[in-house]
1. Could you calculate the FRET efficiency of Lys95 with Lys359 from 1/(1 + (r/R0)^6), where r is the beta carbon distance between them and R0 is 60 Å, rounded to 0.05?
2. Counting only protein chains, not ligands or nucleic acids, how are Met232, Met52 ordered by accessible area (probe 1.4 Å), most first?
3. Can you put Trp69, Trp318 in order of accessible area, largest first, using a 1.4 Å probe?
4. Can you give the accessible area of Asp33, probe radius 1.4 Å, in Å² rounded to 10?
5. Largest first, how would Lys338, Lys323 line up by accessible area (1.4 Å probe)?
6. Quick one: accessible surface of Lys38, probe radius 1.4 Å, all protein chains present, in square angstrom to the nearest 10.
7. With a 1.4 Å probe and all protein chains kept in place, how much accessible area does Glu302 have, in Å² rounded to the nearest 10?
8. Please report, in Å, the Rg and the Dmax of region 133-251, where both are computed over Cα atoms only.
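The values are calculated or read from the model by the stated rules, or taken from the named source; none is laboratory data. Bear in mind that the values here come from a model prediction, so they are computed numbers and not experimental data. Backbone-built Cβ (ideal geometry, glycine too); neighbour counts: all protein chains shown. Areas reflect the complete protein model, heavy atoms only, side chains present, ligands, DNA and RNA absent. Shrake-Rupley method; radii C 1.70, N 1.55, O 1.52, S 1.80 Å.
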Amino acid sequence: MEKDSLEHNNQMKLIKVIDNFSLNKVTAAIFFDTRRVKENLKFPVKYRVTFMRQRLYYPSGIDLSVKEWEKLPTTKSKELIRQRELIHAGFEKVKQQIIELFKSEQGFTLGQLNTRLSSGMKNSILSAYYNRIESLKKDNRIGTSECYLYSLKSLRRYMRRDLKFSEITKEWLKKYETYLFEEGKSYTSISMYMRALQAIMNEGKKQGIISQAQYPFGKDKYKIPEEAGRKMALTLSQIGVVLKYPLLSDTEIKCRDLWFFSYLTNGINMSDLLHLRYSNISNGYIRFHRQKTVGKSRKKREIVAVLLPETKQIIEKWGNMDKKPNNFIFPFLTDGLKPEDERRIVKNTTNLINKKMRKIGKDLGYGNISTYTARHSFATVLKRSGANIAFISESLGHADLRTTENYLD
């Protein structure tokens with residue numbers, strides 16, 4: 001009890017307010033609300049507005065521990081810096097609405113502020129992005145959340161202000177695409193940014209913020225560009241040459257072996273490969289679900305790959321010696337890691353493999369070989385052998401045949 005009381009007293013000594021704002025008789029602040037701890041043992045950060053001795057509180061959507069709040073103003077942590085940016089971006093909206101109300105004919109009242117903020121937050125593209133990113137992170141979909149974060153940062157550089165859903169038109173999207181291209185972005189990156197924005201607009205349409213007529217994507221409207229003419233697939237003979245390419249270090253050999261394992265195992269991507277456990281092997285097959293979709297779809301699509309002699313050899317050479325069913329096949333990930341740490345390990349491993357394979361591709365004159373090349377080569381070799389697209393799509397774990405068609409060279 002004494003420890004709890006001391007901890008409570010320490011919390012009460014915190015500087016609970018940062019970034020004050022005042023205009024006439026209205027004050028606003030970013031407020032750390034320690035009145036009630038949440039189930040995650042954190043406290044909510046809120047926006048507090050005071051007028052004529054009355055107060056309103058608006059959620060920022062961010063929860064922090066006491067230590068995180070204390071570090072927030074001067075932190076060098078990337079995650080806390082991102083949280084701080086989100087908090088301040090929301091506070092800017094609150095301040096802007098207060099200023100606009102004082103300039104309006106009606107004048108300022110807490111009721112009018114409440115109405116504006118309730119609808120304004122809902123009709124905010126940036127707020128929609130923030131909410132989507134936080135939701136994805138809570139679902140441990142770290143990779144997808146990063147895609148939305150990159151798209152969000154690009155929008156903020158382009159506009160330097162918030163946007164309403166209705167401002168995103170066909171013409172606006174074309175101008176934004178031109179800006180991205182002139183900024184040096186590839187059409188792959190442009191497509192990624194636009195698809196994230198399209199998903200945000202889909203949600204706005206679903207919530208009735210915009211009508212179907214206002215929706216800017218689709219037939220006779222804006223079409224998201226796709227990279228054309230990229231030859232990502234290798235032929236069987238080229239893959240044979242890659243496997244015979246002389247390598248000196250164990251790291252180079254391991255990277256090529258994992259790349260080949262990916263090709264042989266239905267073009268499995270690196271995240272799924274590193275998440276494989278010995279329990280995924282049964283009766284001569286490797287069975288797994290894609291990490292990318294396992295949390296999204298209600299119906300789980302199992303991918304089945306034949307356990308070939310070559311894949312067995314790679315497992316024997318580089319796999320965990322302890323082959324208990326729940327152990328990871330390859331010794332990169334461990335149980336108990338945070339989603340962010342898992343994502344970092346997968347990303348670093350993928351980058352290392354791409355670096356080594358890129359050198360092989362350059363020396364052989366095959367262009368840029370990467371982990372994507374393994375996946376595309378698997379699909380294209382199947383196609384050239386006479387397999388139909390439906391079978392290839394099922395082997396890759398695609399839900400849409402059009403996605404499979406994009407993989408085929």
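1. The formula returns an efficiency of 0.70 here.
2. The residues order as Met52, Met232, largest area first.
3. Final ranking, largest accessible area leading: Trp318, Trp69.
4. For Asp33, the solvent-accessible surface is approximately 10 Å².
5. Lys338, Lys323
6. Looks like 90 Å² after rounding.
7. Counting only protein heavy atoms, Glu302 exposes about 80 Å² to solvent.
8. 19.3, 61
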